[in-house]
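Visitor: This is the structure I want to talk about, given as C-alpha cells.
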C-alpha cells in the first residue's frame, strides 16, 4: 500500500481549481498552505501501478505547475 506525499504548486491564480480537482480523486488528501501558493498532497493507493496511474492523472491537470515528491512509504503485502 504506497503512501506518498507531495508538494503541489499550482499555476498562479489556480490554487482553488487545483485543490478541487485533486479532491475529486478518491486516493488523495489535500491540505492547502495558508500563506503560500502551495498544497500538500498525500496519496494512498493499493499498489505501485495504481499510484503511477494516479500520478499521471495529477500531472495532466491544467492548473498544475509543479508536483514534487516529498516522501514515499510502501507496506509489503
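Visitor: So how far apart, in nm, are the two label points at residue 49 and residue 11 if each is 7 Å from Cα heading toward Cβ?
Guide: The two pseudo-label positions are separated by 3.3 nm.
Visitor: Separate question: If r is the Cβ-Cβ distance from residue 36 to residue 56 and R0 is 30 Å, what FRET efficiency results, to the nearest 0.05? Before the final figure, lay out the partial values.
Guide: Details: r = 26 Å, r/R0 = 0.86.
With R0 = 30 Å, the Cβ-Cβ based efficiency is 0.70.
Visitor: Which whole-number percent gives the relative contact order of the chain, counting Cα pairs below 8 Å spaced six or more residues apart?
Guide: Values: 133 pairs, mean separation 38.8, N = 77.
Averaging sequence separation for qualifying contacts and normalising by length gives 50 percent for the chain.
Visitor: Out of 34, 56, 17, any idea which swings most in a Gaussian network model of the chain, alpha carbons joined below 10 Å?
Guide: The residue with the greatest mean-square fluctuation here is 34.
Visitor: Mark the label point 7 Å from the Cα of residue 67 along Cα→Cβ and return the residues of the range 11-25 whose backbone N is within less than 14 Å of it.
Guide: The answer is 11, 18-19, 21-25.
Here, each number is a calculation from the coordinates, and none is a lab measurement. Here the structure is a predicted model, which is why all the values come from computation and not from measurement. Every residue, glycine among them, receives a Cβ derived from its backbone with ideal geometry; neighbour counts consider all protein chains shown.
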